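The block underneath contains the structure these notes are about, expressed in structure tokens.
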Amino acid sequence: MTFQKIKSVIVEDELAAREVLKNYLSKYCPQVEVVGEAQNIKEAVPLLHEIQPQLVFLDVEMPFGNAFDVLEACKDLQFETIFVTAFSEYSLKALNQSAAYYLLKPISIEELIVAVNKVHHQIMNHEIFNRNKIIVENFHESKPEKQQVILPTLEGFEVVKMEEIVRLRGNGNFTDLYLNNGDKKMVCRFLKHFSEILPLPFIRVHKSHIINLNCVKSYNKGGIITLNDGAEIEISPTYKEEFLKNFK
């Protein structure tokens, strides 16, 4: 099969890790052409401006800074990013909120192929979405409720601030997301995905419901939570104690 190759750059401080990734790409991802490498931010920023790649494999933690510093310095460029990271709860939450592609070290060949295929499809179909801008803005925003989350929908992507979300309801393979302006979005993610990435004031109150605590209007001893949008949600006994802790 003949692929239209996409220009890529690897930014990774460990030589062995760069060699492994290049080897995997050569063997399993023929649609990717590695046209440059950098081992730190000081090398990466001018290289990316010079080459202007379509795809960057970007290590999250490096000497002289991190991946977010690279994106900040290259915010005038348009490229897709596949992050490579050792496990970090903070990093993973930040990347998941931005619907970013990432690979955990040591890199899984299967996960690499999936991520590359998705990015290649988007680039070839001109479905470029500037996740990098959202990632950088979230990194600099200290208040979680002011951060933005990218929502994959059937039509593409939408961006909303977390403070605009009133509640989320599981709907099979999708999640219905209700905003404070009355809009409802159907998102292509399980509810579990949001329970893992959304910080307080979001809390799960039922196997099918996550709510924004800042949008709670009232609660009665019968276990019914009323939200600002008028929705009434019955809290599950499993989540009741954790919910009430936030109002003591």
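Which of rounded, prolate, oblate describes region 1-83, given a ≥ b ≥ c as roots of the alpha-carbon gyration tensor eigenvalues and a/c under 1.5 marking rounded, otherwise prolate only if a/b is larger than b/c? Oblate, since a/c reaches 1.5 and b/c is not below a/b.
Return T175, T226, T85 ranked ascending by Cβ neighbour count within 10 Å, so the fewest neighbours appear first.
T226, T85, T175
Non-local lysine pairs in region 149-245, meaning eight or more places apart or on different chains, with alpha-carbon distances under 14 Å, amount to 4. Under the classification rounded if a/c is under 1.5, otherwise prolate if a/b is larger than b/c and oblate if not, where does region 110-150 fall, given a ≥ b ≥ c as square roots of the Cα gyration tensor eigenvalues? Since a/c reaches 1.5 and a/b is larger than b/c, the shape of region 110-150 is classed as prolate. Against the longest alpha carbon principal axis of the chain, how many degrees, from 0 to 90 and to the nearest 10, is the axis of helix 15-28 turned? Roughly 90 degrees between the two axes. Comparing Cα centroids, region 15-53 and region 220-247 end up 50 angstrom apart.
With the contact rule set at Cα under 8 Å and sequence spacing of 6 or more, what percent relative contact order holds for region 6-138?
With pairs under 8 Å counted, the relative contact order is 24 percent.
Inter-part distance, region 170-194 to region 129-156, computed on C-alpha centroids, equals 16 Å.
Rounded to the nearest 20 debye, the dipole magnitude of the chain is 880 debye, with +1 charges on Lys and Arg beta carbons, -1 on Asp and Glu beta carbons, and the Cα centre as origin. Once you have a ≥ b ≥ c as the square roots of the Cα gyration tensor eigenvalues for region 148-191, tell me rounded if a/c is under 1.5, and otherwise prolate or oblate according to whether a/b is larger than b/c. Verdict is oblate for region 148-191. Ordering Q39, V119, T175 by Cα displacement along the dipole of the chain toward the positive end leaves T175 in first place; charges were set at the Cβ atoms of Lys, Arg (+1) and Asp, Glu (-1).
The alpha-carbon atoms of the chain define a convex hull whose volume equals 141 cubic angstrom per residue. Its alpha carbons give region 149-245 an Rg and a Dmax of 12.8, 42 Å.
Taken together, the values in this text are just the output of simple stated rules run on the coordinates, not laboratory data. Note that this is a predicted model, so its numbers are computed, not measured. Ideal geometry is used to build each Cβ from the backbone, glycine not excepted, and the neighbour counts take in all protein chains shown.
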